[in-house]
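The values are calculated or read from the model by the stated rules, or taken from the named source; none is laboratory data. Because the structure is a prediction, the values reported are computed rather than measured. Please note: Cβ atoms are built from the backbone with ideal geometry, for glycine as well, and neighbour counts cover all protein chains shown.
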């Protein structure tokens, strides 16, 4: 029997998240290189319509694992419901997006299957006929080449590293729904709340000015706000660190645990460039990094880098813009 590569779907409500289609794109590339069949697994309670959508889009077999206890994500419940299925499928690779859910679930599954676990995969490399997985380390300063030490491996795929899966017209896969009664004992999910949206819409912005811990103090946000006023359809974004400090609300957060954006212009102010943040904005058309540290990882992703204290640079830039506006 041909070996398999399984993808675990991430969804919220009745909507499949875009990062799932990126993980499917990765799985298809890996499957073609190694001659593996693709299987898709989706867990939840109301999953029939999503399972059908996945089967039509991928042309692959989709297994739905259905249960009332799977209505909202719970690591213990998801692990308990899926491990038995994965043991029966016996896939060589189990893939999922590198999100808050993915990097919670992946090591749980790997432990119970005695499998290797490689997280935040960015690239595939073949060396001497063997598959290697590339991931960033030390806030993007280094790249590691990882080889699973076991016959089975659980992988999380960095958002933005692979394009979204293209639709395969005319190919329809099959759907099989399995009911499970597994109930978590040690924990339960009581409620999941989305961040308050207010009037902010990062996805519609042409320009995003993002703040990181390197702006040093919340009082410096006014510099970013003044810079944003130069551009139409501009908003403030943030790294997770700045949100954790309470300088901006989490609805501003960009990255793996925040929003994924692709504006025409992205200006990163005082952001070191950790891979968790880069994955959320790498699709931007033009990226400018402003940081006083010349070795900051943000410069590896930036089209233009400015090594300067933003308290010096932004006021100078604003002054130059005023002079230009007055003279034109």
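Hey, can you tell me all the residues within region 249-276 that are surrounded by fewer than 20 Cβ atoms within 10 Å (Cβ to Cβ) and assigned to a loop (DSSP other than H, G, I, E, B)?
The answer is 249, 257, 262, 264.
Taking the residues in region 278-302 that are crowded, with 24+ Cβ neighbours inside 10 Å and closer than 18 Å to residue 201 by Cα as candidates, determine which candidate is nearest to the chain's Cα centre (by Cα).
280
Are any residues in region 312-328 surrounded by 13 or more Cβ atoms within 10 Å (Cβ to Cβ) and farther than 11 Å from residue 230 by Cα, and if so, which ones?
313, 314, 315 - these are the residues of region 312-328 that are surrounded by 13 or more Cβ atoms within 10 Å (Cβ to Cβ) and farther than 11 Å from residue 230 by Cα.
Which of the residues spanning region 228-242 are assigned to a strand (DSSP E or B) and surrounded by fewer than 24 Cβ atoms within 10 Å (Cβ to Cβ)?
234, 235, 236
So residue 57 clears everything in (1) modelled with pLDDT of 90 or more; (2) more than 30 Å from residue 136 (Cα to Cα); (3) surrounded by 20 or more Cβ atoms within 10 Å (Cβ to Cβ) except one condition, right? Which one?
Result: residue 57 fails condition (1) only.
For residue 163, indicate whether it is closer than 30 Å to residue 295 by Cα, at pLDDT below 95, in contact with a helix residue (DSSP H, G or I) (Cβ under 7 Å, 6 or more places away or on another chain) and surrounded by 14 or more Cβ atoms within 10 Å (Cβ to Cβ).
Answer is no for this residue.
Can you name the residue in region 1-14 that is within 18 Å of the chain's Cα centre (by Cα) and modelled with pLDDT of 90 or more and is also surrounded by the fewest Cβ atoms within 10 Å (Cβ to Cβ) among such residues?
Restricting to residues being within 18 Å of the chain's Cα centre (by Cα) and modelled with pLDDT of 90 or more, the top hit is 11.
Taking the conditions exactly as written (more than 15 Å from residue 216 (Cα to Cα), out of contact with any strand residue (DSSP E or B) (no Cβ under 9 Å at 6 or more places or on another chain) and not in a loop (DSSP other than H, G, I, E, B)), does residue 299 satisfy them or not?
no
On the basis of being within 15 Å of residue 4 (Cβ to Cβ), buried (at least 18 other Cβ atoms within 10 Å of the Cβ) and at pLDDT below 95, does residue 91 make the cut?
Judged against the criteria, residue 91 is a match.
Taking the condition in contact with a helix residue (DSSP H, G or I) (Cβ under 7 Å, 6 or more places away or on another chain) and within 21 Å of residue 3 (Cβ to Cβ), does residue 41 pass?
It is true that residue 41 is in contact with a helix residue (DSSP H, G or I) (Cβ under 7 Å, 6 or more places away or on another chain) and within 21 Å of residue 3 (Cβ to Cβ).
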